[in-house]
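Before any comments, here is the structure.
The values are calculated or read from the model by the stated rules, or taken from the named source; none is laboratory data. Because the structure is a prediction, the values reported are computed rather than measured. FYI the Cβ positions are ideal-geometry reconstructions off the backbone, even for glycines, and counts take in every protein chain you see. Quick note on the areas: whole protein, heavy atoms, side chains included, nothing else; ligands and nucleic acids left out. Shrake-Rupley method; radii C 1.70, N 1.55, O 1.52, S 1.80 Å.
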Amino acid sequence: LTWSEGFRRGGVNALPIGSCFFCENAALLTYKPDEARNLELGIKGSTGIGGSYTFTLYEIHWANPQIEANTVLGGFGFVTNGVAARSRGVEAEFSQPLTTRTKLELGYSYTDAILTAGFTAGVVPDLVGHSGDQLPNVSKQQATLALDHSQPLANDYELHARLDASYRSD
């Protein structure tokens with residue numbers, strides 16, 4: 001069981017400001033630190049036949065979450081602050097030797113990350129977020145699969161081969 005809190009520092013966006021056509025509102029130049037409170041409950045262990053597993057449930061609450069977007073007129077990337085957000089989900093990992101030289105690794109995560117309060121940023125506005133909207137750049141589901149193989153060669157050399165596959169939803 002873990003309870004933690006933390007923050008990401010604020011910063012400055014490199015945007016043109018002034019009276020030109022692509023110039024942005026000076027209010028978008030800076031963004032504030034965000035703060036997070038995190039609660040995790042998990043278990044990890046071994047299969048008894050050389051494998052291992054982890055399983056974790058978590059919930060994170062953000063104040064002033066930092067959100068990446070692009071301006072409407074110039075298409076410039078910027079970071080702004082929302083009001084509040086929540087992320088909850090589950091993560092699972094499993095690793096098991098198949099032979100003395102080959103190992104299978106599996107992973108899965110489900111994340112429900114949403115705004116819990118609406119906000120707008122910029123004059124146009126450049127970004128509008130409604131309570132219940134999914135946070136940008138956060139996939140609901142991710143999965144990984146890997147096979148790892150090692151083979152001894154002559155003169156103390158060793159060949160390592162790894163095959164990875166991954167899936168990430170919108």
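If each of Leu39 and Ser131 carries a label point 7 Å out from its Cα toward its Cβ, how far apart are those two points in nm?
About 2.0 nm separates the two model spin labels.
Can you give me the convex hull volume of the Cα atoms of the chain, divided per residue and expressed in Å³?
Numbers: hull volume 28.4 nm³, N = 170.
Value for the chain: 167 Å³ per residue.
Compute the separation of the alpha-carbon centres of the range 50-88 and the range 89-107 and state it in Å as a whole number.
Cα centres, the range 50-88 to the range 89-107: 27 Å.
Give, in nm to one decimal, the length gained when the segment between Ser46 and Ala161 is fully stretched (0.36 nm per residue of separation minus the Cα-Cα distance).
Extra length from Ser46 to Ala161 when fully extended: 39.0 nm.
What number, in percent, do you get for the relative contact order of the range 1-157 if the mean sequence gap of Cα pairs under 8 Å and at least 6 apart is divided by its residue count?
After rounding, I find 18 percent.
In nm, to one decimal, how far is the modelled label at Cys20 from the one at Tyr108, with both set 7 Å along Cα→Cβ?
Taking the simple label geometry, Cys20 and Tyr108 are separated by 5.1 nm.
With a cap of 10 neighbouring Cβ atoms within 10 Å, and only residues DSSP puts in a loop, list the chymotrypsin sites (Phe, Trp or Tyr not before Pro) found in the range 63-170.
Tyr157
At 1.4 Å probe size, with every protein chain present, just tell me what the per residue accessible area of the chain comes to in Å².
That works out to 64 Å² per residue.
Sticking with the crude label model, points 7 Å out along Cα→Cβ, report the distance from Ala143 to Thr54 in nm, one decimal please.
My value for the distance between the label points is 2.1 nm.
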